[in-house]
Amino acid sequence: MLIIDLPPPPPALLSGAALFLDFDGTLAPIAETPDGVVLGDDLLPMLHRLRARLDGRLAIVSGRSIATLRDLGFGDFLLAGTHGLEFARPGEAADAPPRLAAIDAVEEAFQVFAQDKVGVLVERKSISVGLHFRGAPDWQQAAGDLADALATQHGLSVQRGKMLFELRPGGADKGSAVTQLMREAPMKGGRPVFIGDDVTDEEGFAAAVDHGGSGILVGPPRHTLATFSLEQVADVRHYLAEGAARSD
């Protein structure tokens, strides 16, 4: 498949949109460690303004857990966490499956693997666990082999991300999250626009297109189902801020 440069999204794309936003690599730069992410003071106020302009049709769809997204300051937003396994509305408890004993077993195995490898980190999430190797890329193959073996052993799904292997229950992804949220207020009736950077966002792009909308890829050109692209997080924020300020 030929990789081509996609055009930037037109400002009018946000008019009438049901906006789905990935977090890491889209709204905030990817940090060296999961807890090292920096939002900046302007992000949340801008998203509040944009949500008001969209009549509430704005959701954060992330691989992060609901608990982490709320700790980061997104508690006032409609949330889909852990790649569509968790959902939460502002002020309400998260709708999520229980944490499986298998996840605890995988976390223990990940910790054993990581303990003597500088730069390999284990991220405990509410219903999943991630193995990060951003600080030690030479361990990618071994980390992937371990993740695949543990997934087979415990009947779990491997979620591949940027310098990350995450094990979690199956049955959901960012595309299924879009589909579910499009059935309900406030997203129902809007034209879905999904903005994301990772391969895990491709299902979100596909679902947005299936519902008559568009995907916006953040980052360099690659094989993608997105229709438009933005180069980096700063461009995403600029595009959204301009959308929040539009009067039409």
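Observations, loosely collected:
- Applying the condition of being farther than 24 Å from LEU131 by Cβ and in contact with a Lys or Arg (Cβ under 8 Å, 6 or more places away or on another chain) to the stretch 43-78 and asking which residue is surrounded by the most Cβ atoms within 10 Å (Cβ to Cβ) yields ARG57.
- Which listed residue, of ALA88, ALA96, ALA80, is among the aliphatic types (A, V, I, L, M), within 30 Å of HIS48 (Cβ to Cβ) and touching a residue at least 60 places away in the same chain (Cβ under 8 Å): ALA80
- Flag: PRO34 does not match the condition of being out of contact with any strand residue (DSSP E or B) (no Cβ under 7 Å at 6 or more places or on another chain) and touching a residue at least 24 places away in the same chain (Cβ under 8 Å).
- When GLY171, GLY175, GLY196 are checked against the criterion of being more than 26 Å from GLU32 (Cβ to Cβ), modelled with pLDDT of 95 or more and of a type in the set (Gly, Ala, Ser), a single residue qualifies: GLY175.
- Spans of strands (runs of 3 or more DSSP E) in the stretch 183-248 with at least 1 residues surrounded by 12 or more Cβ atoms within 10 Å (Cβ to Cβ) and among the β-branched types (Val, Ile, Thr): 191-196, 214-218
- Looking only at the stretch 79-98, residues that are surrounded by 14 or more Cβ atoms within 10 Å (Cβ to Cβ), hydrophobic (A, V, I, L, M, F, W, C) and part of a loop (DSSP other than H, G, I, E, B) come to 3 in all.
- Within the stretch 204-231, the set of residues being touching a Lys or Arg at 6+ places or on another chain (Cβ under 9 Å) and touching a residue at least 60 places away in the same chain (Cβ under 8 Å) comprises GLY204, ALA208, GLY213, SER214.
- Any hit, the stretch 144-161, residues being under 19 Å from the mean Cα position of the chain (by Cα), at pLDDT 95 or above and open to solvent by 60 Å² or more (accessible area, probe 1.4 Å): no
- Answer residue from the stretch 99-129, given it is in contact (Cβ under 8 Å) with a residue 12 or more places away in the chain and charged (D, E, K, R) and is surrounded by the most Cβ atoms within 10 Å (Cβ to Cβ) among those: LYS125
- If you go through the stretch 130-143 and keep only what is under 28 Å from ALA93 (Cα atoms) and at pLDDT 95 or above, you end up with just LEU131.
- When ARG99, ARG168, ARG134 are checked against the criterion of being basic (Lys, Arg) and over 30 Å from PRO186 (Cβ atoms), ARG134 stands alone in meeting it.
- Taken as a whole, the condition of being part of a helix (DSSP H, G or I) and modelled with pLDDT of 95 or more does not apply to ALA18.
- Residues of the stretch 22-37 that turn out to be more than 16 Å from the chain's Cα centre (by Cα) and either crowded, with 19+ Cβ neighbours inside 10 Å or modelled with pLDDT of 85 or more (or both), as a count: 1
- Residue list for the stretch 1-15, filter: part of a helix (DSSP H, G or I) and open to solvent by 10 Å² or more (accessible area, probe 1.4 Å): PRO11, ALA12, LEU13
The values are calculated or read from the model by the stated rules, or taken from the named source; none is laboratory data. What you see is a predicted model; the values in this text were computed from it and never measured. As a convention, Cβ positions derive from the backbone with ideal geometry for all residues, glycine included, and neighbour counts pool all protein chains shown. These area figures cover heavy atoms from the full protein model, side chains too; ligands, DNA and RNA do not enter into them. Shrake-Rupley method; radii C 1.70, N 1.55, O 1.52, S 1.80 Å.
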